[in-house]
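Enquirer: Here you go, one structure.
The values are calculated or read from the model by the stated rules, or taken from the named source; none is laboratory data. These numbers were taken from a predicted model, which means no experiment stands behind them. Quick reminder, even Gly has a Cβ in these numbers, built from the backbone with ideal geometry, and neighbours come from all protein chains shown.
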Amino acid sequence: MNLTSHPAWESLTDQADTIPHLAELFDEDPRRAEKFQIDAAGLFFDYSKNLITEATMKSLLELANAAGLRDRIDAMFRGDKINTTEDRAVLHTALRAPRTASIQVDGVDVVPEVHKVLDRMAVFSDRIRSGEWKGHTGKRIKNIVNIGIGGSDLGPVMAYEALRHYTDRSLTFRFVSNVDGTDFAEATHDLDPSETLFIISSKTFTTQETMSNASTARDWLLCGLGGDAAAVAKHFVAVSTSAEKVAAFGIDTANMFGFWDWVGGRYSMVSAIGLSNMIALGADHFRDMLAGFHEMDEHFRTAPFDRNIPVLHGLLGLWYSDFFGAQTMAVLPYEQYLKRFPAYLQQLTMESNGKHVQLNGSEVDADTGVIYWGEPGTNGQHSFYQLIHQGTRLIPCDFIAFAKSLNPLGRHHDLLMSNVFAQTEALAFGKTLDEVEADGTPAELAPHRVFEGNRPSNVIMGEKLTPAALGRLVSLYEMSVFTQSVLWNINPFDQWGVELGKVLAQRIIPELESAEEPDLQHDSSTNALIRRYRKLRRA
Ligand code: F6P
């Protein structure tokens, strides 16, 4: 049975139509805040300012149970091949499991393998950080450039920015992802090749953008170091699942850090894909981050659903997507170091849950996938918050904040946090026409100054942004996305939707590069665009 025909779904449809205003819900129940708050796995989750009642949560939890969420969680953590369209296990949780754990894939315990790679990464990172690893000309490595895209870029960039406070500031880190040559050129323009290490990060080692940037990096290096191909060994390492392709590219597999097909790209930042982060942070901080992930993983795996932060977070996302028609959600970190977190979440949520068919191939019958966007607070307040407060669309918000600043400067942190609390308050309770008029606002202006309120938000608060706190936060979202996928009965671990564009681009490349005018067989728009490009390029 599809969940949309479940009695709880019908009840939720009614509830969405009749739910009282948040101001009323708070007035009615003085204990509302404590009923809808959880303090677990190092994070405080306040979801009381959502358009929910106890009945709503009961119905959402009924759906979770009806969808078999418990079994699906167990299947994922056990290593069952739940990525059915690719016939793979899904075990990013094994990447952060302690050494003492044992998790079997096809009869093999993967935990010792995971820790073997982590140990090799730690040795390598120490050699770079201590200066023991030298470049081809004998100089110490000072610049590390990660080349990768999608999951082989967004996680490392986000974590580098998020944990910059903990990084070795004598090293420079750059991240190149786009096939647009500007990305490479700007990332390397001020770097000395003799002091630069490239980490080529690609699960498949076939991705066009990454392989093009890797070739350009090799040319750049050899050009800068006099053309001796032996230099590659000291300036290139690879992170991949394919030793064969790494060797074919010319990187010594002794300088390769592997991972496994049961790690999805967008779930790979805690695999060797995080090598640049380990070099930046040092192995101990990297392991602290893994411990934070594991703590939230365990909370998700073991906590009852009504006390389970990722489960509740995921259910709330589904509630707004499917019962209120919310098109997007804002993620608003009141922590400057999390400036790349929204971009990271976009791949996590949209590549995972942007699916139109269920596991059995039949069409879904509810909207899937949550569209996240956002900017760090308070910048967003002076940009797009107007629409969230007074626009016509419902945009549920996640506010993320930490009680202690890593840069305590005068009053700054209290000012920052006052905005978190004020924004959630304003969104929920607004300002009525009576209140506006009571302020003495002229009648003709009064409607413009009314805030309807009743706009939902979550607050996710931690003590301080540490490597462990980042791990907990990312795992929370990973597991929230998983929860939603189970209710939608979709596979969050494949990404066939990115394939068609790649194939078509391969066909178009020779049409752009050929000296002869190509015989174009596309639609009239695409033909005209290609012709115009060829003409303008020559002009
Ligand atoms: O965009 C599709 C995708 O396959 C992502 O899922 C992945 O993170 C990215 O490309 C990069 O892939 P790879 O690590 O194999 O280069």
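Enquirer: Can you find, within region 493-529, the residue that is surrounded by the most Cβ atoms within 10 Å (Cβ to Cβ) among those that are of a type outside the set (A, V, I, L, M, F, W, C) and within 16 Å of the ligand (Cβ to nearest atom)?
Expert: Step by step, filter region 493-529, then rank; the result is GLN495.
Enquirer: Quick check: is even one residue across region 432-454 in contact (Cβ under 8 Å) with a residue 60 or more places away in the chain and assigned to a helix (DSSP H, G or I)?
Expert: Among the residues of region 432-454, not one is in contact (Cβ under 8 Å) with a residue 60 or more places away in the chain and assigned to a helix (DSSP H, G or I), which makes the answer no.
Enquirer: Could you pull out the residue among ASP46, ASP39 that is at pLDDT 95 or above, of a type in the set (Asp, Glu) and surrounded by fewer than 19 Cβ atoms within 10 Å (Cβ to Cβ)?
Expert: ASP39
Enquirer: Only residues that are away from the ligand (no atom under 16 Å from the Cβ), more than 16 Å from GLY250 (Cα to Cα) and surrounded by fewer than 22 Cβ atoms within 10 Å (Cβ to Cβ): list them for region 195-224, please.
Expert: Within region 195-224, GLU195, CYS223, GLY224 qualify.
Enquirer: Here is a check on your reading of the model: is LEU470 under 18 Å from GLN347 (Cβ atoms) and either within 16 Å of the ligand (Cβ to nearest atom) or buried (at least 21 other Cβ atoms within 10 Å of the Cβ) (or both)?
Expert: So LEU470 passes the test.
Enquirer: Okay, next question. Condition first: within 16 Å of the ligand (Cβ to nearest atom), modelled with pLDDT of 95 or more and not polar (S, T, N, Q). Can you find one or more residues in region 430-450 that meet it?
Expert: no
Enquirer: Separate question: Which condition number does TYR160 fail, the rest of (1) more than 20 Å from the chain's Cα centre (by Cα); (2) buried (at least 16 other Cβ atoms within 10 Å of the Cβ); (3) modelled with pLDDT of 95 or more being met?
Expert: Checking TYR160 against (1) more than 20 Å from the chain's Cα centre (by Cα); (2) buried (at least 16 other Cβ atoms within 10 Å of the Cβ); (3) modelled with pLDDT of 95 or more, the one that fails is (1).
Enquirer: Would you be able to tell me the number of residues in region 236-288 that are part of a helix (DSSP H, G or I), of a type in the set (Val, Ile, Thr) and surrounded by 18 or more Cβ atoms within 10 Å (Cβ to Cβ)?
Expert: 3
Enquirer: Still on this structure, I have one more. Restricting the search to region 121-162, which residues are among the polar types (S, T, N, Q), more than 16 Å from THR196 (Cβ to Cβ) and away from the ligand (no atom under 16 Å from the Cβ)?
Expert: SER125, SER130
Enquirer: Got a number for residues in region 481-536 being assigned to a helix (DSSP H, G or I) and under 30 Å from ILE82 (Cβ atoms)?
Expert: Counting residues in region 481-536 that are assigned to a helix (DSSP H, G or I) and under 30 Å from ILE82 (Cβ atoms) gives 16.
Enquirer: In region 368-397, what count of residues is obtained for those that are out of contact with any strand residue (DSSP E or B) (no Cβ under 8 Å at 6 or more places or on another chain) and surrounded by 18 or more Cβ atoms within 10 Å (Cβ to Cβ)?
Expert: 3
Enquirer: State which residue is nearest to the chain's Cα centre (by Cα) when the search covers only region 163-179 and only residues that are more than 16 Å from the ligand (Cβ to nearest atom) and more than 24 Å from LYS234 (Cβ to Cβ).
Expert: Per the stated criteria, the residue is LEU163.
Enquirer: Now for a separate question. Can you tell me which residue among LEU51, LEU63 is more than 21 Å from the chain's Cα centre (by Cα), not small (Gly, Ala, Ser) and not in a helix (DSSP H, G or I)?
Expert: LEU51
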